[in-house]
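Heads up, the thing below is written out as structure tokens.
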Amino acid sequence: MPNALANLLNQPLLMRIRRNHGLEHATIHMLSSKYPHTPIAGRADANGFLILGRLPTDAIAESAEEAAARLRAGEDHLAIHPNCGTNFLTAAVLAGLASFATLLGGRTDRARDRLERLPLAILATVLALIIAQPIGSAAQRHITTSSEIGELRIGEVQQLRSGRTTVHRVRTQG
């Protein structure tokens, strides 16, 4: 990783967000194993993270503690999640660029020319989506999350809203 990017990512505010993001993913992994048919989402920031899903507060607190312990024990893979927004963004950007690139050039003022290129655009988009998965995971690992949570610990876990979508706030300290 270039020094400028490494320096930026290691700034205290960004590092704290990356650590919370990794801990959020690990917590979702724990919750998903305990509640396999419950939709769960999260969002990290500098103060901790949100967990969205119909889950009991005590289960979220226990799962966050377990996640932190397992990350500290070296289970780095828990900081990476296949449903992370980083993966979705990577897929969208690569698919959009692949499709756009195949439609460039030629006589684009003719609808027939664009239509003839449609199969190529679809193929390029599919290939972009295939390669997006490992690239998105690598982006999580090196840019948007950190499995090295250090002294980060779980503070308060509070239910903010209940109903169709229950929202919990997990505050971190350290």
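The values are calculated or read from the model by the stated rules, or taken from the named source; none is laboratory data. Given the structure is predicted, the values throughout are model-derived calculations rather than measurements. Cβ coordinates were reconstructed from backbone atoms using ideal geometry, including for glycine residues, and neighbour counts include every protein chain displayed.
Quick look at the values:
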| read-out | value |
| --- | --- |
| Matching residues, the stretch 6-40, being outside any loop (DSSP other than H, G, I, E, B) and without any contact (Cβ under 8 Å) to a residue 24 or more places away in the chain | A6, N7, L8, P12, L14, S32, S33 |
| Selection within the stretch 156-170 - surrounded by fewer than 15 Cβ atoms within 10 Å (Cβ to Cβ) and within 30 Å of G74 (Cβ to Cβ) | E156, Q158 |
| Near pairs, Cβ below 8 angstrom, 6+ apart or cross-chain, from the stretch 56-73 (under 11 Å from I149 (Cβ atoms) and assigned by TED's automatic domain parsing to the domain that holds G150) to any residue that is of a type in the set (S, T, N, Q) and not in a helix (DSSP H, G or I) | L71/S147 |
| Residues satisfying the stated conditions in the stretch 63-105, i.e. part of a helix (DSSP H, G or I) and either at positive phi or of a type in the set (V, I, T) (or both) | T86, T90, V93, T102 |
| Test: residue in the stretch 43-60 that is at positive phi and exposed (fewer than 12 other Cβ atoms within 10 Å of the Cβ) | no |
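Residue-by-condition table, conditions (1) among the small types (G, A, S); (2) surrounded by 15 or more Cβ atoms within 10 Å (Cβ to Cβ); (3) closer than 19 Å to P134 by Cα; (4) modelled with pLDDT under 95:
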| residue | (1), (2), (3), (4) |
| --- | --- |
| H21 | no, yes, yes, no |
| T27 | no, yes, no, no |
| A101 | yes, no, no, yes |
| T108 | no, no, no, yes |
